[in-house]
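So the structure is just underneath, and the comments pick up after that.
The values are calculated or read from the model by the stated rules, or taken from the named source; none is laboratory data. Quick caveat: nothing in here was measured; it's all calculated off a predicted structure. All Cβ positions, glycine included, derive from the backbone under ideal geometry; neighbour counts span all protein chains shown.
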Protein chains: 2
Amino acid sequence: MAKRLDLQKNVLSSNDQAAAQLRREFATRRLLVLNLMSSPGSGKTTLLEHTARVLAGEFKMAVIEGDLQTDRDADRVRRAGLPAVQINTGGGCHLDVPMVRRALDGLALDGLDILFIENVGNLVCPAAFDLGEDAVVLLASVAEGDDKPGKYPTAFHRADVVLLTKTDFLPVTEFQVNLFLADVAKLKAELPVLPLSCRTGDGLDAWFAWLRRAVAAKKN
Amino acid sequence: MAKRLDLQKNVLSSNDQAAAQLRREFATRRLLVLNLMSSPGSGKTTLLEHTARVLAGEFKMAVIEGDLQTDRDADRVRRAGLPAVQINTGGGCHLDVPMVRRALDGLALDGLDILFIENVGNLVCPAAFDLGEDAVVLLASVAEGDDKPGKYPTAFHRADVVLLTKTDFLPVTEFQVNLFLADVAKLKAELPVLPLSCRTGDGLDAWFAWLRRAVAAKKN
């Protein structure tokens, strides 16, 4: 197993170097790049659909979609008006830099303000792979339960903002927001948590405000 | 990358051999072993709590709990009356046979009827690792959406039974049961799907009946 671990370290380190190069290229373009991570079904694609529709007149956006199989998510965000490239990893449990580079060939980057990279639905493996992003946006749905930060600390450590999604489920679950927030704060005291529901629209304005600030910071 | 893939194949093949040996040992004991897989927060631990309480007088059961961090799930099933051993994988995205073997040292196997192995919450990696189980029980929650079978085919291919959990969310989501069932059938025509809700109790009897049949088949 030692040999395997060493090799895995090398793969990581080679990915980190490639990610650093990609980050420099994104910086030259003043392009905000966000790496969206979550469990399967936490609402990443739904959030992108709403973001596409509300911010269409304000920013030029594009999406890279990561899934084991199917083009369903790329189709959904295209129907919401955004250019999208689908990556199928086969059995792969996360995206890496070479996959992102190949996807970039299919996108027009000139004048783009925001590139969303929707990672494979997985709360473990994506956290180990830098994609050259400016920020990791971690989604966790109320339906998953309030105990997730403690059980999946790596992903929460990597996050720059947490979106607590599907808050419309709060009345019909035992989810305790205070427990969730305390768990997050124990891992990373300064990590902001934005509760929201795409179904009701509650909290989406705070997400849009976060995006506007991030774009502005990147342009200056 | 070719070298890495070869090494990964070796790791898998070595795990498969160790799993075959473990399966023979379980068979000698006529012990039914179930490998529970799902996304984070699909309700694996909640299902075990309900199963523990209802079937306590009928079967002798024990649980191996897999998580990146925390002893929360083992604590929960112990409070429901079952002996449980917690495995913490650190950053590891799935259980493997050596982890299960170490956990077995902490359990009394004599006279045991059912051993539940609750895998790490992850719909990708656990599907690649045989743990010597008799059957893979795959949970997918209504809250995750009806598009999961097509997007995570490996896990559904490995499954022997699918539990569609949290059906009490059906009235407040756009989940279409027919789409989910059609997606499952496309992947594996004969795969049974049991819809259930631990909150309302709906459908739990079908799960208990499935368990009784599986124990009986193992004893004969």
Check: (1) within 12 Å of chain A (Cβ to nearest Cβ); (2) over 15 Å from the mean Cα position of the chain (by Cα); (3) buried (at least 21 other Cβ atoms within 10 Å of the Cβ): which one isn't true of B:V172, the others all being true?
Finding: (3)
Checklist line | Residue that is farthest from the other protein chains (Cβ to nearest Cβ), among those in segment B:47-57 that are more than 21 Å from B:R30 (Cβ to Cβ) and surrounded by fewer than 22 Cβ atoms within 10 Å (Cβ to Cβ) | finding: B:V54
Check: If you take the residues of segment A:103-128 that are within 14 Å of chain B (Cβ to nearest Cβ) and not small (G, A, S), which of them is nearest to A:K60 (Cα to Cα)?
Finding: A:E118
Next item on the list: Considering every residue within segment A:145-156, establish whether at least one is within 30 Å of A:L104 (Cβ to Cβ) and of a type in the set (A, V, I, L, M).
Entry: yes
Next item on the list: Within segment A:175-213, track down each residue that is among the charged types (D, E, K, R) and either under 25 Å from A:D134 (Cα atoms) or within 14 Å of another protein chain (Cβ to nearest Cβ) (or both).
Entry: A:D183, A:K186, A:K188, A:E190, A:R199, A:D205, A:R212, A:R213
Next item on the list: Considering (1) closer than 25 Å to A:D113 by Cα; (2) within 17 Å of the chain's Cα centre (by Cα); (3) touching a residue at least 40 places away in the same chain (Cβ under 8 Å), say which one A:L191 fails and leave the rest.
Entry: (3)
Check: If B:G81 passes every condition in (1) more than 10 Å from chain A (Cβ to nearest Cβ); (2) on the phi > 0 side of the Ramachandran plot; (3) within 15 Å of the chain's Cα centre (by Cα) but one, which one does it miss?
Finding: (3)
Item checked: Count of residues meeting criterion [in contact (Cβ under 8 Å) with a residue 60 or more places away in the chain and at the interface with chain A (Cβ under 9 Å from one of its Cβ atoms)] in segment B:156-169 -> 1
Note to self: List pairs: first residue in segment A:58-69 and within 11 Å of chain B (Cβ to nearest Cβ), second residue among the small types (G, A, S) anywhere in the structure, Cβ distance under 8 angstrom, at least six positions apart or on different chains.
What the structure shows: A:E65/A:A74; A:E65/A:A84; A:D67/A:G121; A:L68/A:G90; A:L68/A:G91; A:L68/A:G92; A:Q69/A:G90; A:Q69/B:G150
Notebook entry, point to check: So which residues in segment B:41-72 are in a loop (DSSP other than H, G, I, E, B) and over 12 Å from the mean Cα position of the chain (by Cα)?
Noted result: B:G41, B:A56, B:G57, B:E58, B:F59, B:K60, B:L68, B:Q69, B:T70, B:D71
Next item on the list: Working only within segment B:166-220, note down all residues that are aromatic (F, W, Y) and part of a loop (DSSP other than H, G, I, E, B).
Entry: B:F175
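A quick yes/no check of all residues on (1) modelled with pLDDT of 95 or more; (2) among the acidic types (D, E):
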position: B:T167; (1), (2): yes, no
position: B:V172; (1), (2): no, no
position: B:F180; (1), (2): yes, no
position: B:K186; (1), (2): yes, no
position: B:V193; (1), (2): yes, no
position: B:S197; (1), (2): yes, no
position: B:G201; (1), (2): yes, no
position: B:D205; (1), (2): yes, yes
position: B:F208; (1), (2): yes, no
Next item on the list: Select from segment A:130-144 the residues that are surrounded by fewer than 22 Cβ atoms within 10 Å (Cβ to Cβ) and within 12 Å of another protein chain (Cβ to nearest Cβ) and list them in ascending order.
Entry: none
